[in-house]
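Structure, as structure tokens:
The values are calculated or read from the model by the stated rules, or taken from the named source; none is laboratory data. No experiment lies behind these values; they were computed from the predicted model shown. Quick reminder, even Gly has a Cβ in these numbers, built from the backbone with ideal geometry, and neighbours come from all protein chains shown. To get the accessible areas, we keep the full protein, side chains included, count just its heavy atoms, and leave off ligands, DNA and RNA. Shrake-Rupley method; radii C 1.70, N 1.55, O 1.52, S 1.80 Å.
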Amino acid sequence: MFAPSSLARLSRRSVATFKAKLQSARRWESTAGTEAPPAGGHSPSIATSSFLRQTRDNSLRTPDIRWADEDHAGPPSNALAGRETRKMNLYQAVRDAMSIALTKDDSAVVFGEDVAFGGVFRCTMGLAEEFGRERVFNTPLTEQGIAGFGIGIASMGQTAIAEIQFADYIYPAFDQLVNEAAKFNFRSGGNFDVGGLTIRCPSMSVGHGALYHSQSPEGFFMGAAGLKASLVAHFDVPPHTLTPTQIVIPRSPIQAKGLLLSAIRDPNPVIFMEPKILYRSSVEQVPIDDYEIPLGRAETLIHGSDLTVLTWGTPVYSCETAIHMLANPPETIARHVPEPFRKAKIELIDLRTILPWDVETVTESVKRTGRLVIVHEASKTGGVGSEIAAELQKRCFLKLDAPVKRVTGWDTPVGMSYEKFYIPDSVRILDAMVETLSY
């Protein structure tokens, strides 16, 4: 082999230099005149969501809010003078609700793994020091025992506020909740109940929770409510002797406080699932007074006429982003969003109470829009969306202009490295809306 000549080496260096300058020029031309996006992007995020109430006046005018010091037998009062708010994130609002419950109800107790130390997510921080270790105390690491103990003291007339450290670990308590708590009132012929039981548990994805810290198990409890209809039909049992377990999932601090106080005071056992990623990322001005937000009632966050989007918990904010992207698609995906769809009026509903869910509100919306997209983080097969889709297909069949579409987690465990791909993000929701509008 011959060594390359000096001219050849110079020629190769010249070509390489020319290519580098050409690539640099192309890169400059591709970014010239382009404004860098803000750190959080142009689309809404949890922190910038329009659904979070950042002012005192806006907070005090939250829909469905019921002040504990008002006479609900008379006409609703609009007097907000003297009421104050404080900036709270979701875990602080949950803590505030439990503090009010412990203050006003001497029979109330809070218990669970590490709750006397403040809990993993700090939701019970300082409660043991404020109310004593007899009323706020730790339990052994046994979810079945926590639920069983709660059922026992609730049956004796106390208010039991139990914490399952993660919703992923609620499965050992499944027998206690479904076979005992949900059937307790019926089994005793209406003589006894465990309505004072509330089970709190952090739920949904957190971005890096993987197999055992990112699950959404609400769908597993849907069958507990089916008990009510079948028993009334077969045994002619009076409805007041049936105590269905309820499932509640809030989207924000104001909602969390009001819904949790309603859950604690409701005469039925309630499973209260708190989206863990919202503990710190959702912040609002929260009323410091005692108030409730009624269970079993959905809230329409955006009114529309062309398509209904139904969701709950963390995906509320992904849906908000997807609706924004539909109206103003980023340049990179604009070609996938037909121009006529960008003016579509989307109705967004937060279900809030998963069991029993607000059939009337959702049915009215779907009959009016003719289209429905359901979004939840749990896997598709056997998920809550399956039951809702089946019921609305029956109630709205002649009004539907497209099949009911579900955007969910995949039918796999949540992988650590792929959690971002597992949960339904704004792009998948946008794609489902375009597909449904195109049908």
Pull up all non-local amide H partners of residue 136: gap of 5 or more, or a different chain, and H-to-H distance under 5 Å with H placed in the peptide plane. 110
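What does the highest-first list of 58-71, 105-118, 350-363 look like by mean Cβ count within 10 Å? Mind showing how you got there, number by number?
Numbers: 58-71: 14.8, 105-118: 18.5, 350-363: 20.1.
Descending packing order for the listed peptides: 350-363, 105-118, 58-71.
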Rank by packing, highest mean first: peptides 269-280, 44-55, 91-102, with packing defined as the count of other Cβ atoms within 10 Å averaged across residues. 269-280, 91-102, 44-55
Would you kindly derive the ³J(HN,Hα) couplings of the stretch 286-291 from the backbone phi angles with the Karplus curve 6.51 cos²θ - 1.76 cosθ + 1.60 (θ = phi - 60°), listing them in order in whole Hz, with x for Gly and Pro? 10, x, 8, 6, 6, 8
Efficiency by 1/(1 + (r/R0)^6): what FRET value for residue 70 and residue 48, r their Cβ-Cβ distance, R0 = 22 Å, to the nearest 0.05? 0.10
In order through the stretch 331-339: 3J(HN,Hα) via Karplus (6.51 cos²θ - 1.76 cosθ + 1.60), integer Hz, x for Gly, Pro: 4, 5, 10, 4, 5, 8, 10, x, 3
Between residue 247 and residues 5 or more places away or on another chain, the pairs with built amide H atoms under 5 Å apart involve 271, 354, 355
Report, by chain and number, residues whose modeled amide H sits under 5 Å from the one on residue 407, excluding near sequence neighbours (fewer than 5 apart, same chain). 374, 375, 376
Just the accessible area per residue of the stretch 296-420, please: how many Å² with a 1.4 Å probe? 45
